[in-house]
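Any read-out appearing in this document is the output of simple, stated calculations on the displayed coordinates, not a laboratory observation. Given the structure is predicted, the values throughout are model-derived calculations rather than measurements. Neighbour counts are summed over all protein chains in view; Cβ atoms, including those assigned to glycine, are modelled from backbone coordinates with ideal geometry.
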Amino acid sequence: MYVGNPADPALMSTGFFSSSYSFCKFTSGYIYDYTSNKRYVADDQPLIKKFGLHSQLASFSLILIERIQFFGTAGGSKEMIKEEPIYNTFFDTYTDYHFSWSAGAKVILLQWGQTYLSTDFTYFEVPPSSKSFYKYLNRLNLPLSIDDKGKLSLDEWQLSGALSTRIFFLSPYGGVSYLRSKLHADVNYHNEVNWGFFYGLTVSLTGRLHVNFERRVRDEFAYTFATTAVF
């Protein structure tokens, strides 16, 4: 799941209706996350060659004393799956955007000038939906069972730690994450690699509006674009 700049509670120092160093602030924004491969495996089961997840989410958060941030997202996600064939059958998916959500918190642990050491926890879920299901097809691309559809769902949690530094209106960051992700179908899959890396850049020209770009690698391969307004 999208991490974001770990120093967000301090970077979002001035809102449209709040001044610097106020006790609490609110934010809202938009997140587009393109995950090209989450690398799922299961014991004694065919390998999922590629699992992609595209998400568009509205974000909102509460910042306290510019050190703690409680956040959540809600919106839609859709899956893309490519799996190794099982004898003469293939695994195919039919999916559209359906509801997904997340919740979590960021905490700034230490600060040296404009450099921050922070930690982050996020829980993300794509509940079962009639818009997300799979079928088994033969080599003629015909379904083996017309009425049998299996629903897909996903849930995961992620813990991360990172450093961020502010240089005028730019705030680059980077860190490590530990991800536990489960994909539920007729078989329960889990992510192949738990440890990953992420890095990104936050641009803020006014202090009230932020644009963020992020890249995640190893445990999953993803790009994220996000905008945030501070109130």
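The table below lists the values:
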{"item": "For the range 159-176, Karplus couplings with θ = phi - 60° (6.51, -1.76, 1.60), whole Hz, Gly/Pro x", "result": "10, 9, x, 7, 10, 9, 9, 9, 10, 6, 9, 10, 9, x, 8, x, x, 10"}
{"item": "The range 144-215: chymotrypsin sites (Phe, Trp or Tyr not before Pro) in DSSP loop, at most 16 other beta carbons within 10 Å", "result": "168, 169"}
{"item": "Residues with amide H under 5 Å from that of residue 129, placed H, sequence gap 5 or more", "result": "152"}
{"item": "Coil-residue trypsin sites (Lys or Arg not before Pro) of the range 1-76, DSSP, other Cβ within 10 Å capped at 16", "result": "67"}
{"item": "Stokes-Einstein D for the chain, Kirkwood Rh over Cα pairs, 4 °C, 1.567 mPa s (µm²/s)", "result": "69 µm²/s"}
{"item": "Per residue convex hull volume, Cα atoms of the range 1-68, in Å³", "result": "103 Å³"}
{"item": "Pairwise FRET efficiency - residue 176 versus residue 211, Cβ, R0 = 30 Å, nearest 0.05", "result": "0.80"}
{"item": "Greater than 29 Å apart at Cα, pairs in 106/182; 49/78; 49/131; 82/106", "result": "82/106"}
